[in-house]
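Beneath this line is the structure, given in structure tokens, with notes to follow.
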Amino acid sequence: MTAAASSDADLISAHAAGDPYAFSELVKRHRDRMWAVALRTLRDPEEAADALQEAFISAFRAASSFRAESQVTTWLHRIVVNACLDRMRRRQTRPTVPLPEAGPGEPVAPRDAMSDRETSLMVQEALMELPEEQRAPIVLVDVEGYSVAETAQMLGIAEGTVKSRCARGRAKLAKVLGHLRNRIADANVPADGVNVQEQRQWEGR
Amino acid sequence: MTGMERVPMGPPWSIDLIADLHAGVLPPEVAAQLRPRVEADPEAREILQALDATLEDLQALPPIPMPDHVAARIDAALAAEARPSAPVVSLDEARKRRNRRLGLGGAGVLVAAAAAFGVVLAVSPGTTPSSNDAQPAPTTSSSKPNAAPPLAVKESELGSAVGDVLKAQNFGPLETPDRLAGCLKGGGITSSGNPLGISPITLDGKEAVMAILPSGLAQYRLVVLDPKTCGPDKPEGVLADTTIKQR
């Protein structure tokens, strides 16, 4: 049955074979991490809960389509991430908050004076300011610790695109979080046309 | 690759370019030539350090455990999904199917009876309907095949039923999500999505339906409806409406 020692793949097989508890067990194992991803991607707890419920039900029904060559967690995450992204696209009503006008590199508060909790809140807030296409890979790679390859599978994009979106997102976060001094951020030349072109050329790798 | 990629000139270099180098976006041969030059430039080095600090901030974000009420809701939804007949088949359909079964059963009884008492039946067709009447008559519109008695709840102890109702997706005499929505509308209760749990109950002995609805963070809205009177314009059909907080 659903022994605690079963692997994720065993649980999927047991579920496909009709074990009514196997899928719930699988969800219990991974739900905290999936919740964090959904909440950090969608911002709104109600929406995150709806997206997760929708994703888990759809995974429950589609478990027979699971292919052993991918990790169960990658497969499940992909369904969750897609449910979140679908919701964001459908919603489209809450535009992404622009970066503060105060200028790049202007910290929200002096970092030394902040407790860990305040730092976490500030990082969380800054994350919410990233556009969706950068936030999702940053959450998966930098916060949740998935590899670039796994994240590319989850998001259905090329690995080079994951790296490039992470790079853009980190650069914005470095400014918002005050890690870049104003002088550097201001003096730094913006990406010129040549770089952007090269960027596109490099992205597909 | 071709090995012909141009190494961007600098310093200075754009933050985006340094972030690309940092994230491993650049082709290895470009990165190999660029990295020592970037590291030799104090400002570029500061940008690399800022990107490292940003990564450390992201990696240090604490885990966010799923709140209990969300876990309970998802467990309930998966349990409902695992039940073979619920909630996809409406009670109405189930009842129709049961009636068909009973009809067939009745025919079987008649055939068997005819074998034994053919002549009697043949001359007394009027007895046929009474054989259907002999089936246990439903006492209420909510009677279900294989139904356990509805959960008995006292008005003074509504909260005691929450655990059981959360595990169920049984619309009982309300039969469909549409009727539930109509009854909630009658009480001025707005709720998006499916109830977290719903079950027929008796409230102080009277037939009712309890629904548990999502209601913001760490709380539920518990609603008890009278299936006989509730409807879109009938607030009197809401017997109880209370918000309970997650412990």
It is to be established whether one or more residues within the range B:203-217 are outside any loop (DSSP other than H, G, I, E, B), under 26 Å from A:GLN53 (Cα atoms) and at pLDDT below 80.
yes
Name, by its number, the condition in (1) more than 11 Å from chain B (Cβ to nearest Cβ); (2) modelled with pLDDT of 55 or more; (3) in a helix (DSSP H, G or I) that does not hold for A:ILE157.
(3)
Residues of the range A:152-167 that turn out to be among the small types (Gly, Ala, Ser) and either touching a strand residue (DSSP E or B) at 6+ places or on another chain (Cβ under 6 Å) or more than 24 Å from B:ASP52 (Cα to Cα) (or both), as a count
1
List pairs: first residue in the range B:8-20 and more than 7 Å from chain A (Cβ to nearest Cβ), second residue part of a loop (DSSP other than H, G, I, E, B) anywhere in the structure, Cβ distance under 7 angstrom, at least six positions apart or on different chains.
B:PRO11/B:ASP41
Pairs, first farther than 20 Å from A:LEU42 by Cβ in the range A:132-159, second charged (D, E, K, R) and surrounded by fewer than 22 Cβ atoms within 10 Å (Cβ to Cβ), C-beta under 8 Å, six or more apart:
A:VAL148/A:GLU159; A:ALA149/A:GLU159; A:ALA152/A:GLU159; A:GLN153/A:ARG78; A:ALA158/A:GLU203; A:ALA158/A:ARG205; A:GLU159/A:ARG205
I'm checking my understanding of the structure. Among residues of the range B:31-58 that are of a type in the set (Val, Ile, Thr) and under 52 Å from the mean Cα position of the chain (by Cα), which one is nearest to A:VAL148 (Cα to Cα)?
B:THR54
The range B:1-71: helices (runs of 4 or more DSSP H) wholly inside it with 3 or more residues that are exposed (fewer than 14 other Cβ atoms within 10 Å of the Cβ) and out of contact with any Leu (no Cβ under 9 Å at 6 or more places or on another chain) are B:28-40, B:42-59
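The values are calculated or read from the model by the stated rules, or taken from the named source; none is laboratory data. This is a predicted model, so every value here is computed, not measured. Neighbour counts are summed over all protein chains in view; Cβ atoms, including those assigned to glycine, are modelled from backbone coordinates with ideal geometry.
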